[in-house]
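These notes concern the structure reproduced below.
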Amino acid sequence: MLNVMIVGDSISHGSSGDWTWRYRLWKHLRAHGVELDLVGPANDLDNATTAEVGDGDLTYCDPAFDQDHCARWGRPYLEEMHQIEDKVRAHRPDVLLVLLGINDLFWYGLGPEENEANVRAFVAAARRGNPALRLVLGTLLDTQRAREDVEFNARVSEFNRRLVLLAEELHTDASPIVIAPTGAEFVAAAHTWDGTHPNAQGELRIAAAFADTLAGRFAVGVPYPRPFPVVEEIPAEAKRVVPRPERT
């Protein structure tokens, strides 16, 4: 049994009516014979129709999967680097799948170099929790904000460049670190429902990037098939969003 913990912000947390990319990945791995347990301190979604964040919503479009995770709306590396050691010790993952960093750049105003330092602190803390931990770090996704703001787009691109170099530098045989190119096939205009958060097609692309990396680097499962299937979209009534802090 492989214990996998997904660490992320709202892109991984998901909100009312989502399948989530966690669902897409779990279904893919189980379909190809991978015995895995998704682990973490939460199992919920965020309710997009209320102003509260983290309100314990469980209205998954299909709840028939392992819902455990370590993701929360608005989560940055800046916070998670102080918490991840204890979470790794508590939930005993063999592999971390991590998709964080956009909030650090946008809402916390950090530069790519500061964000890189926080990733280093995050990795060190996670390894204190499990010195044999395998880490898969996802690259930041395209967003409508990046399309409209040249300076922000440059910061996202620079952070992604630094993330690749950091993974190469910190990789060890005992605790390998690899990159999942989660941003490579993801286009905000086509793959989000609000310019930031993945729609059903976006979920597929994030899950595929992690699946491809797990298969290619760790011999876990098989790559995600292409072309991507056309899947049903999230019901519009689940996304009647009320004003809230605009963090991912």
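The values are calculated or read from the model by the stated rules, or taken from the named source; none is laboratory data. Note that this is a predicted model, so its numbers are computed, not measured. Positions of Cβ are backbone-derived with ideal geometry, glycine not excepted, and every protein chain shown enters the neighbour counts.
A few remarks follow.
- Condition met for VAL88 (within 16 Å of LEU140 (Cα to Cα), buried (at least 17 other Cβ atoms within 10 Å of the Cβ) and in contact (Cβ under 8 Å) with a residue 24 or more places away in the chain): no
- Only one of the numbered conditions (1) over 18 Å from LEU141 (Cα atoms); (2) surrounded by 19 or more Cβ atoms within 10 Å (Cβ to Cβ); (3) under 18 Å from the mean Cα position of the chain (by Cα) is not met by ASP57, and that is (3).
- For the condition under 21 Å from VAL39 (Cα atoms) and either of a type in the set (Ser, Thr, Tyr) or buried (at least 19 other Cβ atoms within 10 Å of the Cβ) (or both), ALA209 qualifies.
- Subset of region 15-51 (residues that are assigned to a loop (DSSP other than H, G, I, E, B), in contact (Cβ under 8 Å) with a residue 40 or more places away in the chain and touching an Asp or Glu at 6+ places or on another chain (Cβ under 9 Å)): SER16, GLY17, ASP18, TRP19, THR20, GLY40, PRO41, ALA48, THR49, THR50
- Positions within region 114-143 being touching a Ser or Thr at 6+ places or on another chain (Cβ under 7 Å) and surrounded by fewer than 20 Cβ atoms within 10 Å (Cβ to Cβ), in sequence order: PRO131, ALA132
- Residue within region 43-55 that is modelled with pLDDT of 95 or more and either among the charged types (D, E, K, R) or within 13 Å of CYS70 (Cβ to Cβ) (or both) present: yes
- Just one residue in the set THR172, THR182 is under 15 Å from the mean Cα position of the chain (by Cα) and in a loop (DSSP other than H, G, I, E, B); that residue is THR182.
- Scanning region 11-50 for residues that are farther than 21 Å from ARG89 by Cα, surrounded by fewer than 24 Cβ atoms within 10 Å (Cβ to Cβ), out of contact with any Gly (no Cβ under 8 Å at 6 or more places or on another chain) and aliphatic (A, V, I, L, M) yields one hit, ALA31.
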